[in-house]
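The values are calculated or read from the model by the stated rules, or taken from the named source; none is laboratory data. Predicted, not measured: the structure shown is a model, and the values here were computed from it. Please note: Cβ atoms are built from the backbone with ideal geometry, for glycine as well, and neighbour counts cover all protein chains shown. Each accessible area value is taken on the protein alone, full model and side chains, heavy atoms only, with ligands, DNA and RNA left out. Shrake-Rupley method; radii C 1.70, N 1.55, O 1.52, S 1.80 Å.
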Amino acid sequence: MPEGDALHRAARRLQPLVGERLEVETPNPRAQVGGIAERLDGRRLLSVEAVGKNLLLTFEGGYVLHSHLRMTGRWSLVPRGAPRRGLPWLVLRGSKYEGVQWNGPVLELHGRSIRRLGPDILERPPRIDEMFARLRRDGRGRAIGDAILDQRLVAGIGNKWKAEALWAVELSPWRSLDETTDGKLRTLLDAAARLMSGSLDGRRHANRVYRRVGRPCPRCGERIVSRGQGDANRIAYWCPGCQL
Ligand SMILES: [Zn+2]
């Protein structure tokens, strides 16, 4: 799944279209429900931003196009009229460039309510206090590894950075949020922000626990384990030796 950092790269790529009136097409029949092209065609694009794992394209008239890439989707920016093969979901054509969205799968047009997402972990500086407050208020009774994937509490953390950030601060994904001290919770949010911003800036990161089941923990040597966690049963990875 593209994580927040991949979405931020896509948002940067599309910046040359901001401020332009766009020709909007949805060549793929699966993208034609909802009348996105009809409603957006000819409108000016006001901003493109990554909020968590969502790309939000705001158009004049109060329209916000919400693009969530899931496993397969991607955005590219090419010269206007560049030849292509296949049927992209969406084409946003400006005077010099066009933004092309391939393989969906989620394209929705909203009012402004999408703002219910939590603060983005990749904002600079990240709003740690607000994330902390949301986790404390709405995460009660939940395991920490489950709560930090809830995009309404903290936007942008995906499965990989969840695993790596928890390892970095020696915290088990199964620890209840209620039993996590304020200091530890802030340290965790700081670690996630630092690791993910580093990745966005091109810093290399060697995974310590993510997808390393059965390998020795680089800190204590215990074998890494995994198990499904939360409503979506996404795989949590952790070291039972040093993550408590
Ligand atoms: Zn360990």
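Residue by residue through the stretch 193-207, note down the ones that are part of a loop (DSSP other than H, G, I, E, B) and crowded, with 19+ Cβ neighbours inside 10 Å. Show your work before the answer.
Of all residues in the stretch 193-207, those part of a loop (DSSP other than H, G, I, E, B) come to 201-207.
If the condition is that a residue be part of a loop (DSSP other than H, G, I, E, B) and crowded, with 19+ Cβ neighbours inside 10 Å, then no residue fits.
Given the condition under 21 Å from His205 (Cβ atoms) and within 16 Å of the ligand (Cβ to nearest atom), answer yes or no: does some residue in the stretch 112-130 qualify?
No, that holds for no residue.
Only residues that are modelled with pLDDT under 90 and either in a helix (DSSP H, G or I) or within 16 Å of the ligand (Cβ to nearest atom) (or both): list them for the stretch 132-159, please.
Asp138, Asn159 - these are the residues of the stretch 132-159 that are modelled with pLDDT under 90 and either in a helix (DSSP H, G or I) or within 16 Å of the ligand (Cβ to nearest atom) (or both).
Determine which single condition Val51 fails, assuming it passes every other condition in (1) within 16 Å of Val100 (Cα to Cα); (2) crowded, with 22+ Cβ neighbours inside 10 Å.
(1)
What is the one condition in (1) assigned to a helix (DSSP H, G or I); (2) surrounded by 22 or more Cβ atoms within 10 Å (Cβ to Cβ) that Asp129 does not satisfy?
(2)
List the residue pairs whose Cβ atoms are under 8 Å apart, where the first residue sits in the stretch 204-228 and is closer than 15 Å to Glu170 by Cβ, the second is away from the ligand (no atom under 11 Å from the Cβ) and assigned to a strand (DSSP E or B), and the two are 6 or more positions apart or on different chains.
Once the first residue is closer than 15 Å to Glu170 by Cβ and sits in the stretch 204-228, its partners that are away from the ligand (no atom under 11 Å from the Cβ) and assigned to a strand (DSSP E or B) give Val209/Tyr237; Ile224/Tyr237.
Which one is most open to solvent (accessible area, probe 1.4 Å), of the residues in the stretch 208-243 that are near the ligand (Cβ under 9 Å from one of its atoms) and under 30 Å from Ala11 (Cα atoms)?
My answer is Arg208.
If Ser172 satisfies all but one of (1) within 13 Å of the ligand (Cβ to nearest atom); (2) surrounded by fewer than 15 Cβ atoms within 10 Å (Cβ to Cβ); (3) polar (S, T, N, Q), what's the number of the condition it fails?
If we test Ser172 against (1) within 13 Å of the ligand (Cβ to nearest atom); (2) surrounded by fewer than 15 Cβ atoms within 10 Å (Cβ to Cβ); (3) polar (S, T, N, Q), just (2) comes out false.
Per-residue answers, yes or no, for (1) at positive phi; (2) in a loop (DSSP other than H, G, I, E, B):
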site: Pro27; (1), (2): no, yes
site: Leu46; (1), (2): no, no
site: Glu49; (1), (2): no, no
site: Leu57; (1), (2): no, no
site: Gly61; (1), (2): yes, yes
site: Leu65; (1), (2): no, no
site: Ser76; (1), (2): no, no
